[in-house]
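The values are calculated or read from the model by the stated rules, or taken from the named source; none is laboratory data. Small disclaimer: the values here were computed from a predicted structure and weren't measured. Cβ sites come from the backbone with ideal geometry, for glycine too, and all protein chains shown count toward neighbours. With ligands, DNA and RNA removed, areas are computed over all heavy atoms of the protein, side chains included. Shrake-Rupley method; radii C 1.70, N 1.55, O 1.52, S 1.80 Å.
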Amino acid sequence: MRYRLDPAAEAEAARGNLLGGLCTGGVASLAHAYRSGWGPELNVYVQIPRDSELFPLLSGGTGLVCVLFTVALVVRVARWQIALSQRRQARDPVKALLLPPSAEHGAALRKSRPGRATLSNVLGLGLSWVAIPLVTVGLGILLTPERMGPRQEEAIVFASVGTGVGLVVLVVVGADVTRRRLLARQVRKLSQDPAFAELMPPTTAALSRYRAPVIPELKITHYAPPSDIIFGLPKVSATRNLFGRPPLSIAYFRLFENELRMRDFVKGAFRRCGYVHLLRSAASVRHSDLVRMRRAGTLGKLFVNSDQRMRRELDARSFETLPRGFRIVRDIGGRGLPVWDFKGGYPMSAYLCHGAYWKRAVDILLDLADLVVIDLSGFQKENLGTGHELQRVIDRYPVHRVIVLADTGSDTGYLATHIRHAWSRMAPDSPNAGDGTRTLLVGQVPVGGHRATYHILSHAHKRLR
């Protein structure tokens, strides 16, 4: 089973199939009984003879539908039993780790596939350009040939041109999506090439084999903020952020392929709260940059692969505030994101790290961060990179200065299970170890609801005191 089933939903679907089967089966039985001579003949208002050809069709059709409802009922009952079994397994912390998330958990991630949204939109537009002219002209020729008359040839030419334009649009967009996918795959392959990495990757990035002797209780607080802007906020300056406090250094981690959530993060309040640091994905590399480096023979400079290179990148980052206005934020995904900063903002620093070094880069970003934001929307146990980042956050960073983001479709129970599992594997030197209770904030922000991040950061600032 690829996703976790909901017992209530499966039981409701089973009841619907049961009622459908009973109704259609009852109609089929009544039709067959009446045709067989059972009961009085109907001749009150309309005389219906028993040998009418209607009854074999009615009994056969409704009987077939009844069989389909019965098969669906058996399937739904089996799924209901599986859902009950999954709910029992979810109560066991060990077995719960093996369960998949709910069906809605990865909805935003599926929509974020490279070029999927663009391709689906253009497919709808392109197919309309292809189909509408052909259907319109075809119906006109078939239904009103006398009106088409001498304009029939013009209509055919118009339909052909419209069809050609639609096909050209589909081919161009399809080629662009394919090109971007191949480029991202090429960069990922280069990021695993040992020729561009240090001979021995840093050992300080390895997870600890030991556990903290005293692991406190973890309390997960879910916060669903409203999706509106807080008015009366000051403009961003070098000394004061959007909330009137000194600007923060924010380390942001997420699933690379979840581009929708990345765009919501950029549009939200985080860039107005402080300097954001994140790791770049392979999809953020432009083809022109890759070609230029290959021609110059400097392809090795594409990746951050050592502490010296990482320090140079950190020293070269900008500390100037961004003025109010329109800008395009790049190096975050396949395309630049246009944003309008009403109150100004702070620059984002993105680092494209080699596969042998990115774990060390995570530790460096945690060392300089005042606030850590990790978006677990669409996270599953197969996402080993994000799982490593979650474990390092727990091992190296105070959890009261961490914000976990999830979309409203995320399976919060599934996320809580994996967060608690990482919590149980806490390193001995973790700042979260010890007695007492620790609280982790999980903010549920809908896809496209970047305005809600203002309320999350306002709530988080109270925890940072």
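Not counting ligands, DNA or RNA, and with a 1.4 Å probe, what is LYS381's accessible surface area in Å² rounded to the nearest 10?
LYS381 has an accessible surface of roughly 80 Å² with all protein chains in place.
Could you give the length gained on full extension between LEU57 and ILE82, defined as 0.36 nm per residue of separation minus the Cα-Cα distance, in nm?
5.2 nm
Can you tell me the length gained on complete extension of the stretch ARG185 to LEU368, counting 0.36 nm per residue apart and subtracting the Cα distance?
My answer for the length gained is 62.8 nm.
Counting heavy atoms of the protein chains only and a 1.4 Å probe, report the per residue accessible area for the range 317-371 as a whole number of Å².
44 Å²
Around LEU440, which amide H atoms from residues at least 5 apart in sequence, or from another chain, sit under 5 Å from its own amide H, with H modelled in the peptide plane?
Result for LEU440 returns LYS219, ILE220, THR221.
All other residues with a Cβ under 14 Å from the Cβ of ALA224 taken together, and with Lys, Arg as +1 and Asp, Glu as -1, what is their net charge?
For residues surrounding ALA224, the net value is -1.
With every protein chain left in place and a probe of 1.4 Å, what is the accessible surface of THR70, to the nearest 10 Å²?
Roll a 1.4 Å probe over it and THR70 shows about 70 Å².
For the peptides 439-446, 6-13, what is the packing order when you average, over each peptide's residues, the other Cβ atoms within 10 Å and list the highest mean first?
For the peptides 439-446, 6-13, the packing ranking is 439-446, 6-13.
Which order do ASP228, ASP367 take by accessible area at a 1.4 Å probe, largest first?
ASP367, ASP228
Label GLN89 and VAL157 with points 7 Å out from Cα along Cα→Cβ: what is the distance between them in nm?
6.6 nm
For the range 66-75, take each phi angle, set θ = phi - 60°, evaluate the Karplus expression 6.51 cos²θ - 1.76 cosθ + 1.60, and give the result in whole Hz per residue in order, putting x for glycine and proline.
Whole-Hz 3J(HN,Hα) from phi for the range 66-75: 4, 5, 4, 4, 5, 4, 4, 5, 4, 5.
Modelled label-to-label distance, THR70 and LEU22, 7 Å Cα→beta-carbon offset: nm?
Modelled inter-label distance: 1.6 nm.
Heavy atoms only, probe 1.4 angstrom, no DNA, RNA or ligands counted: give me TRP358, TRP423, TRP80, TRP340 ranked by accessible area, highest first.
TRP340, TRP80, TRP358, TRP423
Would you kindly find the accessible area of PHE196, with a 1.4 Å probe and non-protein molecules such as ligands, DNA and RNA excluded, rounding to the nearest 10 Å²?
PHE196 has an accessible surface of roughly 40 Å² with all protein chains in place.
Please list, by residue number, everything in the range 336-359 whose backbone N is under 18 Å from a paramagnetic label point 7 Å out along Cα→Cβ of LYS235.
Answer for this model: 340-347.
Starting with the highest mean, order 384-390, 314-320 by the number of other Cβ atoms within 10 Å, averaged over the residues of each peptide.
Result, highest mean Cβ count within 10 Å first: 384-390, 314-320.
Would you calculate the separation in nanometres between label points at ARG324 and SER29, each defined as 7 Å from the Cα along the Cα-to-beta-carbon direction?
7.5 nm
Carbon and sulfur atoms: what percent of the 1.4 Å accessible area of the range 312-439 do they account for?
Using a 1.4 Å probe with all protein chains present, the range 312-439 comes out at 50 percent carbon and sulfur.
At 0.36 nm per residue, minus the direct Cα-Cα distance, what do ALA9 and LEU207 gain on full extension? Give it in nm, one decimal, please.
Value of the extension gain: 67.2 nm.
Which residues' amide hydrogens lie under 5 Å from the amide hydrogen of VAL304, considering only partners 5 or more residues apart or on another chain, with H built in the peptide plane?
LEU352, CYS353, HIS354
Sorting TYR223, TYR454, TYR3, TYR346 by accessible area (1.4 Å probe), largest first, what list results?
Sorted descending by solvent-accessible area, the residues read TYR3, TYR223, TYR454, TYR346.
Just list whichever of LYS359/LYS462; LYS189/LYS359; LYS235/LYS267 have alpha carbons separated by over 19 Å in the model shown.
Going by Cα-Cα distance, LYS359/LYS462 fall outside the 19 Å limit.
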